[in-house]
Structure formats: structure tokens, C-alpha cells
Amino acid sequence: MKKAILFDLDGTLLPMDQTEFTNGYFKLLAAKMAPHGYDPKQLVDALWQGVGAMVKNDGGAANTERFWAVFDRAMGKNCRADEPVFDGFYRAEFQQTVAFTQPSPLSAELVRVAREKAERVILATNPIFPRCGQVTRLGFVGLSDRDFDWVTDYENSRFCKPNPAYYQDILARFGLKPEECLMLGNDVEEDILPAAGLGLETFLVTDCLINPENKPVPGPSGSKAEALAFLLGL
């Protein structure tokens, strides 16, 4: 029995084309914020800069602090005053991004089986969204944050994938050893290689595979259905 099973969300539990999803999401957010004085192009550029700051986070502050400092600077105003408006978007209009995904009933089954096979089940999704954004996307596959012992978001995390420190932070929080854990993800460079490099067992879910450099993969791989069979065999 594993001490912990970790799941990626986008492309793993929630099948999607990352580019299609991101473009659709940004259009919805731009439409939401335009009446509040946000130029769509400047908004998208500032978002990318904020995400870049989170990805480069060295652990000195929460991702949320890194994001808002850079986002405000890029927009040239105190945008954090509008944080409740942004959060409202992630609870409401963000629901429409389901149109850019392909929800699968296997996702909830994967998590159900994982709860039988491990002491803890963790949603190890890249923490670049607020909690409400993570919860909304989980809802697309019939899950909630209550189905997990921990969900990484931009408020409770100080690192991002592919930084190995992101995984180390999770292990340290629960006193876990790498060899006691299994990570399932669809992105070789963000999910598989950094986790495997620390000593976690990994399973590459190939339905929405991201491996642009065709890097060799340690550990087993297969479809979501094959991932379910793998968990059942633990």
C-alpha cells in the first residue's frame, strides 16, 4: 500500500488540449474584466508575466504574492483590489471552460480507487490558480477538493512545476518519503521527470500526452483506463 498517490489535473484527471483551454479561458476572463477597465491584450500579457513569476518562485513567498506583485506592475495599477472580482470569475464564468475539455467518468473512479490504495490522495496540480479555480475544474469531472487530502493552489504553495521543490514541499508537509508515493500525470517534463528524479514512482497517462522533446520516460505509461488497472493492481 502506498502512503500517498498524487494526481495532476489538467490533461490527466481532466482531459484537454492545453492551448485550446488556455485561449478559451483568457477570452472569457478578458470579457469579464473589460467593464472593470482592463484592456484585453494588456491583461493577457500581464497574466503570462504573473504566471512566469510563479513558475520561477524560489520559495521566498507564496505564489499568490509573486503573481500579484508582477501582475500589478505589468498593469500599472493596484489590480489586487479587484481580487474579489477575479475570484467571482473563477466561481462563475470559468465554468464555461468545460467546453474546452473532455471530461471522463474514469477520473472519479481513479480517485476512488486511489483512496482505497493509499493513506493520502493529493491533487498535485500546478498551483497557478486560486482555490476556487481548482475547485471549478475538479467539478467538471465530478470531484471536489473534499475528495483529496491536499490540493495545491497559488495561496498554499511556494513553488511550481517543474521545480522539484514543488514535490519536495508536498512530501515535507505530510512527512512522506519519495519511495512511498506515486505520481500520475500527463506531462513528462512537469509531472514525471521531476517526481521520478526525487524517487517517486510515476505513471505517465498518455491520453493527453505532453512530451514535445520525446524524452524517455521512467516507469509505466498508458491510457487512463490502463492507469486505473495499474491502481487496482497495487
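The values are calculated or read from the model by the stated rules, or taken from the named source; none is laboratory data. This structure is a prediction, so every number in the text was calculated from the model and none was measured. Using ideal geometry, Cβ is built from the backbone for each residue, glycine included, and neighbour counts are taken over all protein chains shown. Only protein heavy atoms, including side chains, enter the accessible area calculation; ligands, DNA and RNA are left aside. Shrake-Rupley method; radii C 1.70, N 1.55, O 1.52, S 1.80 Å.
For the stretch 63-72, taking the residues that are under 18 Å from Cys160 (Cβ atoms) and either out of contact with any Phe, Trp or Tyr (no Cβ under 6 Å at 6 or more places or on another chain) or aromatic (Phe, Trp, Tyr) (or both), the one that is surrounded by the most Cβ atoms within 10 Å (Cβ to Cβ) is identified as Phe67. Restricting the stretch 1-59 to residues that are closer than 30 Å to Leu231 by Cβ and of a type in the set (Ser, Thr, Tyr) leaves a set whose member that is surrounded by the fewest Cβ atoms within 10 Å (Cβ to Cβ) is Thr19.
From Ala114, Ala99, Ala108, grab the single residue that is closer than 30 Å to Glu180 by Cβ and surrounded by fewer than 21 Cβ atoms within 10 Å (Cβ to Cβ). It would help to see each step written out before you state the result.
Details: Ala114 fails: surrounded by fewer than 21 Cβ atoms within 10 Å (Cβ to Cβ); Ala99 fails: closer than 30 Å to Glu180 by Cβ.
From the options Ala114, Ala99, Ala108, the qualifying one is Ala108.
Met75 meets each of the listed conditions (1) over 25 Å from Asn186 (Cα atoms); (2) open to solvent by 20 Å² or more (accessible area, probe 1.4 Å) apart from (2). Listed by first and then second residue, the pairs linking a residue in the stretch 162-176 that is over 13 Å from Thr152 (Cβ atoms) to a residue that is open to solvent by less than 20 Å² (accessible area, probe 1.4 Å), with Cβ atoms under 7 Å apart and 6 or more places separating them unless they lie on different chains, are Pro162/Pro194; Pro164/Pro194; Leu176/Ala4.
So, in the stretch 154-201, of the ones that are in a strand (DSSP E or B) and open to solvent by less than 30 Å² (accessible area, probe 1.4 Å), which residue ends up farthest from Asp17 (Cα to Cα)?
Filtering the stretch 154-201 for residues in a strand (DSSP E or B) gives 181-185, 187, 201.
Still in the list and also open to solvent by less than 30 Å² (accessible area, probe 1.4 Å): 181-185, 187.
On the way: Cys181: 27, Leu182: 24, Met183: 21, Leu184: 18, Gly185: 14, Asp187: 12 Å.
Looking at residues that are in a strand (DSSP E or B) and open to solvent by less than 30 Å² (accessible area, probe 1.4 Å), I get Cys181.
Looking only at the stretch 89-96, decide whether some residue is without any contact (Cβ under 8 Å) to a residue 24 or more places away in the chain, in a helix (DSSP H, G or I), surrounded by 13 or more Cβ atoms within 10 Å (Cβ to Cβ) and not charged (D, E, K, R). Scanning the stretch 89-96 turns up no residue that is without any contact (Cβ under 8 Å) to a residue 24 or more places away in the chain, in a helix (DSSP H, G or I), surrounded by 13 or more Cβ atoms within 10 Å (Cβ to Cβ) and not charged (D, E, K, R). Within the stretch 1-46, count every residue that is part of a strand (DSSP E or B) and more than 19 Å from the chain's Cα centre (by Cα). The total comes to 2.
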